[in-house]
1. Percent of alpha carbon pairs in the chain separated by more than 21 Å?
2. Mind ranking Lys51, Lys75 by accessible surface for me, highest first, 1.4 Å probe?
3. Counting helices only, and only those DSSP H runs with n ≥ 4, report the 222 nm mean residue ellipticity of the chain as the sum of -39,500 (n - 2.57) divided by its residues, in deg cm²/dmol to the nearest 500.
4. Excluding ligands and nucleic acids, what accessible area in Å² is computed for Ile43 using a 1.4 Å probe, to the nearest 10?
5. With every protein chain kept in the model, how would you rank Leu87, Leu4, Leu48, Leu74 by accessible area, 1.4 Å probe, largest at the top?
6. Is the C-alpha gyration tensor of region 1-45 telling us rounded, prolate or oblate? Criteria: a/c under 1.5 is rounded; beyond that, a/b larger than b/c is prolate, otherwise oblate.
7. Assigning unit charges at the beta carbon (Lys, Arg +1; Asp, Glu -1) and nothing else, what dipole magnitude in debye, to the nearest 20, does the chain show about its Cα centre?
8. Please identify which residues in region 38-76 have an amide N closer than 12 Å to a label point set 7 Å out from the Cα of Lys83, following the Cα→Cβ vector.
Amino acid sequence: MKVLALQSVNREDFGLYYRQNYTAIAVIEIVNKTVQVPISFIIETNPLGVKELTVEVSKDADIDYPMIPVRTGLKAFITEMDKQGSLP
């Protein structure tokens, strides 16, 4: 399982400066097959300045693969994008 890209990343205006809500389409390679999956994720900064990431995969997604490695891979990919400043 490998996360290839995030497409159509949209930031939703939530009104709180320490919480950022996003929706996107994740392009994931699973066992020689490429799947596009709608996801939503939240990056929240706690009072100590540590960023916490929550990822939700759409329930309509047809993924024939365990969800824990998918979420772990998405979290790592999104964290790297956030560090590079490539999120809107």
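The values are calculated or read from the model by the stated rules, or taken from the named source; none is laboratory data. Worth saying up front: this structure is predicted, and the values here are computed from it rather than measured. Using ideal geometry, Cβ is built from the backbone for each residue, glycine included, and neighbour counts are taken over all protein chains shown. These area figures cover heavy atoms from the full protein model, side chains too; ligands, DNA and RNA do not enter into them. Shrake-Rupley method; radii C 1.70, N 1.55, O 1.52, S 1.80 Å.
1. Of the Cα pairs, 28 percent sit more than 21 Å apart.
2. Descending order: Lys51, Lys75.
3. After summing the helix terms and dividing by residue count, I get -7000 deg cm²/dmol.
4. Surface open to solvent at Ile43 totals about 10 Å².
5. In descending accessible area the options line up as Leu48, Leu4, Leu87, Leu74.
6. prolate
7. Details: 9 positive and 11 negative charges, 39 e Å.
Computed about the Cα centre, the dipole is about 180 debye.
8. Of the residues in region 38-76, 76 have backbone N under 12 Å from the label point off Lys83.
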